[in-house]
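A short write-up of the structure that comes next.
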Amino acid sequence: MRISLTPRAALVALIALPVIVLWPLWWVVLILVAIWALVILADAFSAPNPRRIRVRREAPTQVRLGNSVRGRLLLTNPTSRTARLEVRDAWNPTAGLDDQRSAVDVPAQERRAIAQSFTPTRRGEHRSRTLLVASRGPWGLARRTTEVGVPGRLLALHPFGSRRHLPSRVQRLREIEGLAAIHQRGQGTEFDSLRDFVDGDDVRSIDWRATARRRSVVVRTWRPERDRHVLIVVDTSRTSAGRLGESTRLDAAFDAALLLTALAGQAGDRVDLICVDRIPHLSVLGSTRTTVLHDMVTATAAVDPALVETDWELAASTITQRARRGSLVVLLTPVESSVVHTGLLPVAARLARDHPLVVASVSDPALEELAAGRGDLESVYLAAAAEQARAERTGVSHALERVGAHVVDAPPERAPQALADAYLALKAAGKL
Amino acid sequence: MLAAIVASIARGYYRDGPLEPDAPTGQGSKAVVQVLGDLGVKVEVDRHTVDAAEALRMGRTVLVTDPRSLSAPQLESLAAAHEDGAGRLVLVAPDLVTLSYFSSQISPSGAVRTETLIEAGPGCGDLAHQAEALLVPAAEEAIRGAASLYRVSGEGESCFSADQGSLVAEHDGALVLGSADLLTNDAVGRADNSALVLNSLSSEGALSWYVPSANDPMGSTSQTLLGYLPDWAGPLLLWLLLIATVALVALGRRFGPVVVEPLPVTVRPQELVLGRARLLQRSGDRQAAATALRSAAASRLASRLGLRRESALDGLLAALAPHVGRSPEQLRALLGPRPVTSDQDLVRLAHDLDHLEKEIDR
């Protein structure tokens with residue numbers, strides 16, 4: 001506990017000025033100092049002990065980034081004196097607490113609340129580093145301060161802005177599922193039902209055994225297989241730290257991963273997620289269909305890019321360990337020549353042999369702006385350099401497609417939809 | 001600069017100033033001091049009042065070259081020493097206030113502004129010091145302005161009288177000279193100035209030449225600015241200082257720690273492109289820039305026309321020809337590997353490629 005002075009303590013000392021003018025002696029000054037110190041101490045100790053103030057936090061644990069959430073601090077004064085309190089709740093700045101400092105008077109044997117509003121500006125975990133309660137004396141000359149151990153924690157979740165695209169994709173999914181066009185048996189289909197033969201049906205899908213039991217000809221219908229496995233691998237290395245407009249490349253990648261998770265959940269597929277760079281450091285594995293989206297949003301909230309290169313060999317071994325044969329593997333990594341040179345290409349080739357493989361990349365919209373520049377000589381050179389970079393990206397995606405991966409490369413605002421569409425296309429083609 | 005240093009060394013070091021005993025300049029008094037030395041008088045130069053008062057007590061003659069510049073304590077100290085000891089005091093052109101410390105009988109009565117020859121009157125006696133006439137320069141030529149004249153009452157004696165008073169006066173061991181020019185190198189030789197000066201200063205055999213100095217510890221005025229403050233100012237100032245300290249401490253209070261937060265790292269993604277563009281521009285590699293622009297445009301045109309990306313330039317040109325209003329030669333010049341010679345050509349090429357793509361888009 002610490003005793004500190006208020007500015008009023010200095011103002012009170014001004015009262016002694018006439019005394020000094022009347023008796024200008026050094027020992028008078030000393031006595032006045034002593035009297036002043038006594039008054040300050042008396043005021044400080046007539047304030048209620050801040051340690052006896054009971055503090056309880058009523059705060060939400062999660063908020064979607066971009067939204068506001070309200071919480072309360074409840075201060076109970078069990079003493080018999082009115083407590084004039086100053087409270088500082090030291091959250092980190094990006095937690096977006098509207099006012100860290102507040103003053104409240106709590107009468108004896110009563111309780112008061114301090115309303116708090118959080119608007120986080122950064123995804124991830126936010127903490128209150130400390131909570132300080134200062135109790136001012138009745139004259140307001142001094143205060144006693146103490147630290148209260150009431151930990152605060154708030155998780156700012158990924159905004160998941162792409163969720164507005166979910167209804168349209170789910171509708172497409174239902175169309176695909178109910179589509180009579182999938183009469184052919186494929187790798188990713190399962191038996192649905194028997195129905196009467198109509199003109200145009202493939203004769204190979206006639207179920208002769210059922211036909212024999214009935215008078216009419218009966219065909220089998222197939223639907224996309226349910227309960228498939230999707231493994232999303234998010235690259236969190238230095239290339240994902242690139243700032244594209246407002247957010248980083250990793251944010252867009254998580255946006256895409258979440259939309260795919262929600263869509264796959266609707267399709268009845270199981271989704272797992274692992275984040276890799278030098279080590280596979282975060283994974284959401286084995287969640288049930290109903291909780292997977294929540295688990296994934298919570299788990300990815302605190303993942304930030306790291307300035308390291310991805311170890312693709314290690315990632316490949318983790319993927320083969322986690323993914324069953326035939327399950328869809330989605331690699332969320334930028335398609336850049338540097339990434340390919342660090343060993344993505346052979347790993348992609350190996351994975352594509354056993355799994356349907358989608359490489360989803362978030363491209364830089366600034367590159368297109370640069371490529372369209374025609375203003376002066378400098379912007380033309382910039383456009384040429386941007387075209388070179390785009391040509392390199394195209395070459396890399398061709399190389400990946402040649403080894404059997406499906407490449408999705410889109411700017412951040414279109415990347416989630418593009419990945420969802422690629423998933424739906426695989427479903428429709430019966431490859432999944 | 002070297003010449004200046006050499007000149008100053010050759011000239012020798014001396015302090016220049018009015019009535020400085022070492023100065024050979026017009027306002028100095030080296031001539032008088034040297035002649036006094038030749039006459040066997042021990043001349044000692046004093047700059048502090050304490051030394052001059054000590055000399056007075058020891059019975060020497062003390063010449064005060066500028067009594068007007070002395071402060072009250074200095075004058076009191078000199079007057080006390082003069083009363084205690086047997087020494088003679090020679091004051092050069094003192095004013096009324098200065099004189100009041102040493103003699104009540106002598107008072108200033110006027111001034112001589114023009115060059116005047118003042119003759120010793122008949123009743124001078126010893127005070128004339130065997131001089132018959134003194135020449136006082138005009139006020140504008142004199143080192144301290146007009147020469148002063150004094151009136152003597154009671155037991156005092158005076159000599160060299162002009163209209164309003166006398167140039168030389170003596171009372172009670174204090175000799176008053178009305179003009180500082182009597183002692184300067186310039187004017188000591190005129191008329192009988194030298195006789196008066198040399199005889200009056202050499203009478204004791206030892207002379208203290210007192211030149212008041214600004215760095216005399218007694219010279220500073222005792223009543224400083226702080227001395228005018230009332231006695232409660234000190235404690236009051238201390239108290240206000242205490243209050244200010246308390247206020248600063250109270251206002252500067254930091255309520256709890258500064259919260260530091262590690263923020264996630266972000267990287268600008270276009271650095272590589274920008275760097276490459278600057279490299280291209282600095283090296284003037286127009287051909288590489290043109291190739292990049294052409295191949296990008298060609299691949300877009302090919303995909304627009306439904307050609308395979310790998311198809312050769314001839315196939316693309318053949319497919320383009322029916323759709324655009326340009327000759328095959330123009331198209332080949334635009335998309336083919338024609339060298340680009342100037343910066344203007346490169347910019348024009350970029351615009352032409354844009355136009356071509358727009359034509360196909362239509």
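Listing for the model above:
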quantity: From B:273, B:259, residue being in contact with a strand residue (DSSP E or B) (Cβ under 9 Å, 6 or more places away or on another chain) and not assigned by TED's automatic domain parsing to the domain that holds residue B:89; calculated: B:259
quantity: Tally of residues being out of contact with any Ser or Thr (no Cβ under 8 Å at 6 or more places or on another chain), surrounded by fewer than 20 Cβ atoms within 10 Å (Cβ to Cβ) and not in a strand (DSSP E or B) across the range B:155-191; calculated: 7
quantity: Residues located in the range A:2-57, provided they are within 7 Å of chain B (Cβ to nearest Cβ), part of a loop (DSSP other than H, G, I, E, B) and within 50 Å of the chain's Cα centre (by Cα); calculated: A:6
quantity: Sole residue being of a type in the set (Asp, Glu), under 22 Å from residue B:53 (Cβ atoms) and over 41 Å from the mean Cα position of the chain (by Cα), chosen from B:204, B:155; calculated: B:204
quantity: Residues of the range A:165-181 satisfying the condition of being under 18 Å from residue A:421 (Cα atoms) and either at pLDDT below 60 or among the aliphatic types (A, V, I, L, M) (or both); calculated: A:166, A:170, A:173, A:176, A:179
quantity: Residue ID - farthest from the other protein chains (Cβ to nearest Cβ), chosen from residues in the range B:238-281 that are surrounded by fewer than 15 Cβ atoms within 10 Å (Cβ to Cβ) and under 15 Å from residue A:11 (Cα atoms); calculated: B:241
quantity: Filter pass, residue B:67 being touching a helix residue (DSSP H, G or I) at 6+ places or on another chain (Cβ under 8 Å) and not β-branched (Val, Ile, Thr); calculated: yes
quantity: Residue in the range A:302-312 that is part of a helix (DSSP H, G or I) and over 22 Å from residue A:173 (Cβ atoms) present; calculated: yes
quantity: Residue B:197 being surrounded by 18 or more Cβ atoms within 10 Å (Cβ to Cβ) and in a loop (DSSP other than H, G, I, E, B); calculated: no
quantity: Hits in the range B:36-50 (condition: exposed (fewer than 14 other Cβ atoms within 10 Å of the Cβ) and in a loop (DSSP other than H, G, I, E, B)); calculated: B:39, B:40
quantity: Filter result (part of a loop (DSSP other than H, G, I, E, B), over 20 Å from residue B:185 (Cβ atoms) and touching a Ser or Thr at 6+ places or on another chain (Cβ under 7 Å)) within the range B:92-128; calculated: B:105, B:121
quantity: Tally, over the range A:241-264, of residues that are closer than 18 Å to residue A:427 by Cβ and at pLDDT below 90; calculated: 0
quantity: Condition check for residue A:350: basic (Lys, Arg) and either assigned to a loop (DSSP other than H, G, I, E, B) or modelled with pLDDT under 90 (or both); calculated: no
quantity: Any hit, the range A:80-97, residues being polar (S, T, N, Q), away from chain B (no Cβ under 14 Å) and in contact with a helix residue (DSSP H, G or I) (Cβ under 7 Å, 6 or more places away or on another chain); calculated: no
quantity: Subset of the range A:149-178 [among the charged types (D, E, K, R) and buried (at least 18 other Cβ atoms within 10 Å of the Cβ)]; calculated: A:169
quantity: Test: residue in the range A:344-360 that is more than 11 Å from chain B (Cβ to nearest Cβ), out of contact with any Asp or Glu (no Cβ under 6 Å at 6 or more places or on another chain) and among the basic types (Lys, Arg); calculated: yes
quantity: Residues within the range A:339-364 that are within 30 Å of residue B:294 (Cβ to Cβ) and surrounded by 15 or more Cβ atoms within 10 Å (Cβ to Cβ), tallied; calculated: 9
quantity: Hits in the range A:246-292 (condition: acidic (Asp, Glu) and within 17 Å of the chain's Cα centre (by Cα)); calculated: A:246, A:251, A:255, A:272
quantity: Of all residues in the range A:366-389 being part of a helix (DSSP H, G or I) and of a type in the set (Asp, Glu), the one that is nearest to the other protein chains (Cβ to nearest Cβ); calculated: A:387
quantity: The range A:273-301, residues that are assigned to a helix (DSSP H, G or I) and surrounded by fewer than 15 Cβ atoms within 10 Å (Cβ to Cβ); calculated: A:294
quantity: The one condition in (1) in contact with an Asp or Glu (Cβ under 9 Å, 6 or more places away or on another chain); (2) among the small types (Gly, Ala, Ser); (3) more than 9 Å from chain A (Cβ to nearest Cβ) that residue B:205 fails to fulfil; calculated: (1)
quantity: Residue A:127 within 30 Å of residue A:249 (Cα to Cα) and either among the β-branched types (Val, Ile, Thr) or part of a helix (DSSP H, G or I) (or both); calculated: no
quantity: Selection from the range A:106-124 of residues that are part of a strand (DSSP E or B) and over 30 Å from residue A:82 (Cβ atoms); calculated: A:124
quantity: Number of the condition not met by residue A:82 [criteria: (1) surrounded by 13 or more Cβ atoms within 10 Å (Cβ to Cβ); (2) over 22 Å from residue A:45 (Cα atoms); (3) in contact (Cβ under 8 Å) with a residue 12 or more places away in the chain]; calculated: (2)
quantity: Any hit, the range B:234-251, residues being within 39 Å of the chain's Cα centre (by Cα), closer than 30 Å to residue B:47 by Cβ and hydroxyl-bearing (Ser, Thr, Tyr); calculated: no
quantity: Residues located in the range B:283-323, provided they are more than 22 Å from residue B:339 (Cα to Cα) and within 14 Å of chain A (Cβ to nearest Cβ); calculated: B:302, B:303, B:308, B:309, B:310
quantity: Selected residue (criterion: nearest to the chain's Cα centre (by Cα)) from residues of the range A:113-146 that are within 29 Å of residue A:5 (Cβ to Cβ) and hydroxyl-bearing (Ser, Thr, Tyr); calculated: A:128
quantity: Close pairs (6 angstrom Cβ cut-off, 6 or more residues apart or separate chains): basic (Lys, Arg) in the range A:407-432, modelled with pLDDT under 90 anywhere; calculated: A:427/A:176; A:427/A:224; A:431/A:188
quantity: Selected residue [β-branched (Val, Ile, Thr), in the same structural domain as residue B:192 (by TED's automatic domain parsing) and without any contact (Cβ under 8 Å) to a residue 40 or more places away in the chain] from B:98, B:61; calculated: B:98
quantity: Failed condition for residue A:101, given (1) within 30 Å of the chain's Cα centre (by Cα); (2) at pLDDT 90 or above; (3) over 25 Å from residue B:247 (Cβ atoms); calculated: (3)
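The values are calculated or read from the model by the stated rules, or taken from the named source; none is laboratory data. Values in this document were obtained by computation on a predicted structure and should not be read as measured data. Glycine gets a Cβ as well: all are built from the backbone with ideal geometry, and neighbour counts include every protein chain shown.
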